[in-house]
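Before any comments, here is the structure.
The values are calculated or read from the model by the stated rules, or taken from the named source; none is laboratory data. Treat the numbers as computed from the prediction; the structure is a model and nothing was measured. Here the Cβ is made from the backbone with ideal geometry for all residues, glycine too, and neighbour counts use every protein chain on show.
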Amino acid sequence: GEDPKIDKLIAENDKDAELLIFTSEQRLIKEQYEIDQLQLAVDATARGFDDMIKVLPKAVAHERGERVVEGAFYGRARAEGNDLGYNTIAAAGSHACVLHWVRNDGRVKSGELMLIDAGIEMDSYYTADITRTLPVNGKFSAAQRELYMLVYESQIAGFKAARAGATITDINRACHEVLAKGLEKLGALPVSAEESLKPENGFHRRWTLHNVSHMLGMDVHDCAQARRDVYMGPLKAGMVITVEPGLYIQPDDEKFPPEFRGIGIRIEDDVVITDGDCINLSDSLPRHPDEIEAWMEKLVK
Ligand code: GLY
Ligand code: MN
Ligand code: MN
């Protein structure tokens with residue numbers, strides 16, 4: 001499909017579809033070179049997050065502050081890598097409740113959170129896929145911190161579940177259990193967390209919106225042509241996945257008191273599966289609210 005002249009020279013081949021599946025499945029387990037490339041992508045992305053934090057005061061002063069943040073990351077991606085691995089999501093305030101907010105044309109306001117999902121692709125094409133949710137003014141409010149901690153604890157449960165022999169479904173369940181219990185405690189669920197977690201119910205999904213893991217590699221959603229039972233089957237050492245739980249309270253959601261409305265939080269890290277605990281390639285980027293506040297204080301003078 002690249003060059004019509006060459007296409008004409010090659011007989012139609014119904015094995016193409018099979019080859020696509022085969023190569024996708026060959027890519028599931030990463031060798032050391034690939035993991036090294038992913039680590040380089042993650043490290044460049046971490047520096048890109050520093051750049052975005054540094055530019056926040058400028059972003060707050062600009063009427064399209066989200067673009068100012070996006071632009072800071074793009075500079076880093078082009079300087080250190082080949083390109084972005086995918087379009088940057090720079091979602092301030094309630095834009096974070098729009099899952100793939102890539103218009104990035106909104107204001108960035110002090111007192112609100114900003115959800116940033118960004119990844120640099122190296123010249124080898126391996127890409128990071130990292131999300132951090134940051135308080136624009138450097139300090140979480142009580143409500144922001146309360147919701148954030150739920151996602152934080154959910155991600156820790158996800159990390160614990162992410163090991164060889166487990167499945168992506170197991171990781172998803174581990175993360176959603178924590179989120180559903182937290183939503184029950186906050187009084188948002190119409191039933192118990194246990195009831196909600198039954199597959200036929202899923203009331204908590206109103207606020208969790210998406211599943212928490214996918215393969216990562218040369219594509220941000222790597223190995224997407226693999227057969228479903230292989231992709232969703234037992235994880236093996238050397239696979240690299242994301243762990244990315246989230247909670248999203250729409251701006252008009254009356255199930256929550258006003259101070260919680262319009263808050264969207266996701267934390268996303270890139271991990272290597274092993275026979276023991278997973279290895280978090282993006283562990284250098286702060287995740288806990290106290291660490292995030294310290295990180296921002298150091299960078300924004
Ligand atoms: N950035 C796309 C994703 O997190 O899957
Ligand atoms: Mn992802
Ligand atoms: Mn992402």
Yes or no: D117 acidic (D, E) and within 14 Å of ligand 2 (Cβ to nearest atom)? yes
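Yes/no per residue for (1) small (G, A, S); (2) within 16 Å of ligand 1 (Cβ to nearest atom); (3) crowded, with 17+ Cβ neighbours inside 10 Å; (4) part of a loop (DSSP other than H, G, I, E, B):
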site: G71; (1), (2), (3), (4): yes, no, yes, no
site: A77; (1), (2), (3), (4): yes, yes, yes, no
site: Y86; (1), (2), (3), (4): no, yes, yes, yes
site: A96; (1), (2), (3), (4): yes, yes, yes, no
site: H100; (1), (2), (3), (4): no, yes, no, yes
site: G106; (1), (2), (3), (4): yes, no, yes, yes
site: K109; (1), (2), (3), (4): no, no, no, yes
- Query: Within the bounds of region 24-37, is there any residue that is aromatic (F, W, Y) and more than 21 Å from the chain's Cα centre (by Cα)?
  - Reply: yes
Can you confirm whether Y74 is under 30 Å from V230 (Cβ atoms), hydroxyl-bearing (S, T, Y) and without any contact (Cβ under 8 Å) to a residue 24 or more places away in the chain?
no
Q) Is it true that some residue in region 132-139 is touching a residue at least 12 places away in the same chain (Cβ under 8 Å), assigned to a loop (DSSP other than H, G, I, E, B), closer than 23 Å to S284 by Cα and within 16 Å of ligand 2 (Cβ to nearest atom)? A) no
Residue set D275, D229; condition under 30 Å from I35 (Cβ atoms), more than 16 Å from ligand 2 (Cβ to nearest atom) and touching a residue at least 60 places away in the same chain (Cβ under 8 Å); output residue D275
Original post:
If you check V243 against the conditions, is it β-branched (V, I, T) and closer than 15 Å to K160 by Cα?
Top reply: yes
Per the filter on region 164-196, residues crowded, with 16+ Cβ neighbours inside 10 Å, touching a residue at least 24 places away in the same chain (Cβ under 8 Å) and in contact with an Asp or Glu (Cβ under 7 Å, 6 or more places away or on another chain) are V178
For region 23-35 the number of residues that are surrounded by fewer than 14 Cβ atoms within 10 Å (Cβ to Cβ) and assigned to a helix (DSSP H, G or I) is 4
If you go through V98, V136, the only one that is out of contact with any His (no Cβ under 8 Å at 6 or more places or on another chain) and either within 27 Å of V230 (Cα to Cα) or within 16 Å of ligand 3 (Cβ to nearest atom) (or both) is V98
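Looking only at region 276-301, which residues are of a type in the set (A, V, I, L, M, F, W, C), more than 16 Å from A46 (Cβ to Cβ) and within 20 Å of the chain's Cα centre (by Cα)?
Within region 276-301, just C278 meets the criteria.
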Among helices (runs of 4 or more DSSP H) entirely within region 145-223, at least 2 residues that are within 16 Å of ligand 2 (Cβ to nearest atom) occur in 168-185
Picked from region 139-157 (must be among the small types (G, A, S) and within 26 Å of I171 (Cα to Cα)), the residue farthest from ligand 3 (Cβ to nearest atom) is A157
Within region 244-274, of all residues that are within 14 Å of ligand 1 (Cβ to nearest atom) and of a type in the set (G, A, S), the one nearest to R173 (Cα to Cα) is G246
When every residue in region 116-133 that is over 22 Å from D105 (Cβ atoms) and among the hydroxyl-bearing types (S, T, Y) is compared, the one nearest to ligand 3 (Cβ to nearest atom) is T127
Query raised in the report: Is there a residue in region 46-63 that is modelled with pLDDT of 95 or more, touching a strand residue (DSSP E or B) at 6+ places or on another chain (Cβ under 8 Å), part of a strand (DSSP E or B) and within 15 Å of ligand 1 (Cβ to nearest atom)?
Result: no
Checked region 232-257 for anything away from ligand 2 (no atom under 12 Å from the Cβ) and surrounded by 19 or more Cβ atoms within 10 Å (Cβ to Cβ); matches are L235, M239, L247, Y248, I249, F256
